[in-house]
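The values are calculated or read from the model by the stated rules, or taken from the named source; none is laboratory data. The shown structure was predicted, so the numbers you read here are calculated from the model rather than taken from an experiment. Cβ placement follows ideal geometry from the backbone for every residue including glycine, while neighbour counts extend to all protein chains displayed. Calculation scope for accessible area: heavy atoms of the full protein, side chains included, ligands and nucleic acids excluded. Shrake-Rupley method; radii C 1.70, N 1.55, O 1.52, S 1.80 Å.
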Amino acid sequence: MRRSAFFLPTLKETPSEAQIASHRLMLRAGMVRQSAAGIYSWLPLGWKVLRRIEQIVREEQDAAGAQELLMPTIQSADIWRESGRYDAYGKEMLRIKDRHDREMLFGPTNEELITQLFRDNVRSYRDLPKILYHIQWKFRDEVRPRFGVMRGREFLMKDSYSFDMDYEGAKRSYDAMFTAYLKTFKRMGLTAIPMQADSGAIGGNLTHEFHVLAETGESGVFYDAAYDELAAKGEIDLEALNRLYAATDEKHVPGGPNVPPPERLREARGIEVGHIFYFGTKYSKAMNAQVQNKAGESVFPEMGSYGIGVSRLVGAIIEAYHDDRGIKWPEAVAPFKVGLVNLKTGDSLCDTICEDLYGKLGAAGIEVLYDDRDERAGVKFADMDLIGLPWQLVAGPKGLAQGMVELKSRATGEKHEMSVESALARLIG
């Protein structure tokens, strides 16, 4: 993509409504624009990041044996009355009526709808286990939407739902999702700590929150240093993880049971990006979703649900990866891998070499944002640092006269002068 053609309305000044780093930088980097309180339009740069994150989530769900479908955003109030949650859910649910005066709602979650789908289409133990998921927009009417996409009213969420014949099967599904979540966040360059949690409006008695560590996190978290040791080794050991202490500041009791000694207790800030629940037959019983077991008896399947805040992850990653100049995207989620900077657009040598680099990188499958604008070098550098692409490839007349370009890592700030051929080889790898 050429910067001259790209819809990227960056801002020099921080909007007054932005209180945290991710909100400030998403607005300044031209990723989103607010259309109403807690509701955002995703502009091309932000949309590309969102799709990258969505695809990683999808790949790990598929690898764990979950199957993707798509449920609607609008649901009937009737199925929520079956579960008993329609009146209990509260004002966060957006309730509406269609032209026939039927009561509807904009779904904040999908336990009822997936249970209805299961009830109407599955009859036998032979069809279990199943884990079904979708990635869909949700709406919760937050009383005070704030912090940009971190606490908006409309948000993109991956929610999956498991159906099993007994507790042992349900626990296997739970553990499969637990492991998938750890792999998902690791691929994005994030350290995620699983913590025992409250089930809230979902219900259930086995549940974990996943908190990404970030200095600007919304919650205080306490955890055993062994988490860092496991993360450094790249290991995902559920038995070991379940033995380790981890709690948010709301649940942490200094000196309480299982709290590690001071030399092993770590304190940090965390952002919740995922939540998983086992709730047994809570919904299958309420909605009379039954299957026949091997003995021909009708039983209620054991269920669980598993959510990841896909749009929230965009903000969480920025909170974990930024500096005073802008965003520093991990390569796995970056909107482009390379920012190609032509320091003197209109100079025949600069234009020729940059066009050649742009073409060769694209042909190798490397996504490039080519800043071909007739702007000052300082403006181009500031914009590249702000949007945070992993690599900046800079070509100017002085360097090119010697056959050299500059390659800069946004993550470390390291700059290296090298030949055009070496730069291509380094980036194409």
Within the stretch 217-233, residues in contact (Cβ under 8 Å) with a residue 40 or more places away in the chain, surrounded by fewer than 16 Cβ atoms within 10 Å (Cβ to Cβ) and within 22 Å of the chain's Cα centre (by Cα) come out as S219, G220
Count - residues of the stretch 157-167 that are open to solvent by 10 Å² or more (accessible area, probe 1.4 Å) and of a type outside the set (A, V, I, L, M): 2
Any hit, the stretch 184-197, residues being open to solvent by 10 Å² or more (accessible area, probe 1.4 Å), among the basic types (K, R), in a helix (DSSP H, G or I) and closer than 21 Å to I56 by Cα: yes
Would you be able to say whether some residue in the stretch 78-98 is touching a strand residue (DSSP E or B) at 6+ places or on another chain (Cβ under 8 Å), of a type in the set (G, A, S) and on the phi < 0 side of the Ramachandran plot? no
Assess whether A170 counts as being over 18 Å from E111 (Cα atoms) and either open to solvent by less than 60 Å² (accessible area, probe 1.4 Å) or at pLDDT 95 or above (or both). no
Verdict on F118 being within 15 Å of the chain's Cα centre (by Cα) and modelled with pLDDT of 95 or more: no
When the stretch 126-152 is checked residue by residue, the ones that are closer than 30 Å to A295 by Cα, open to solvent by less than 60 Å² (accessible area, probe 1.4 Å) and either assigned to a helix (DSSP H, G or I) or of a type in the set (V, I, T) (or both) are I131
On the basis of being among the hydroxyl-bearing types (S, T, Y), at pLDDT 95 or above and under 19 Å from the mean Cα position of the chain (by Cα), does T73 make the cut? no
